[in-house]
Amino acid sequence: MAEIFAFPAATRPGDEAVPTGRPDGVPDEMWHAVESVRAMRREPTVRYREMPVPESLADFGIGVELAAPAAAPTARGWIMLLYSRAFRVDWQSRWRCVAFAAIPLETRENDGLAPAMYWDDMCGHLRLVRPASLGGTVTVTQSTSFGTLEGETSVGCEMRVSWTPLEDTDGGMDAGDQIRSWARFVGSAARDEEDPTVER
């Protein structure tokens, strides 16, 4: 069964983590990952919240929901860091990251170039990824309202991505760095949406 670990509800980057005890049966590698999340610096414009990891995905997991900007979300997403007690051939590791982002688009960006543009932007934010392990989809969506909401149209971009993270030189996993990389991407998408003059 996947174990879910709460992390402190810090509101500022660098806030001290609240120490909690290590549950029985948690492998050293997984506990190292949990502690790295507690110690990570938060992006000041991103809201973080723990989310459950489905039991079917892995033996242990850390899940985090993200929204940016924190006060009035325009971009949102989540990331799960999964750990398997046994080596997974499909992951080429015992670790795997899966992530999602939903980003609003300007109507003018709703063209054939948007998926590749957002994919390239995302790749530029990710760190410590095993080569050839990154894959996913980018979907541009358009919603048209009818009835009392007739005339309202919204355009968005949804990304579903997975990759195998690289371990530290000492064999540990810096889960905090993986989460922060995804948070930076979600946060940058929100900032770019607010400022149409920003070039991606």
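Out of curiosity, is Pro104 in contact with a helix residue (DSSP H, G or I) (Cβ under 8 Å, 6 or more places away or on another chain) and at negative phi?
For Pro104, the condition - in contact with a helix residue (DSSP H, G or I) (Cβ under 8 Å, 6 or more places away or on another chain) and at negative phi - is met.
Going through segment 157-199 one residue at a time, which ones are modelled with pLDDT under 80, open to solvent by less than 30 Å² (accessible area, probe 1.4 Å) and not small (Gly, Ala, Ser)?
Asp192
Please report, ordered by residue number, the strands (runs of 3 or more DSSP E) entirely within segment 73-187 with at least 3 residues that are over 30 Å from Val26 (Cα atoms).
93-105, 135-144, 153-163
If a residue must be more than 18 Å from Asp174 (Cα to Cα) and in contact (Cβ under 8 Å) with a residue 24 or more places away in the chain, how many such residues does segment 24-48 contain?
4
Condition first: surrounded by 10 or more Cβ atoms within 10 Å (Cβ to Cβ), out of contact with any Asp or Glu (no Cβ under 9 Å at 6 or more places or on another chain) and at pLDDT 95 or above. Now tell me which residues in segment 131-151 satisfy that.
Ser133, Leu134, Gly136
The values are calculated or read from the model by the stated rules, or taken from the named source; none is laboratory data. In this text the structure is predicted, and so the values were computed from the model without any measurement. Every residue, glycine among them, receives a Cβ derived from its backbone with ideal geometry; neighbour counts consider all protein chains shown. Remember, those area values only see protein heavy atoms, side chains included, never the ligands or the DNA or RNA. Shrake-Rupley method; radii C 1.70, N 1.55, O 1.52, S 1.80 Å.
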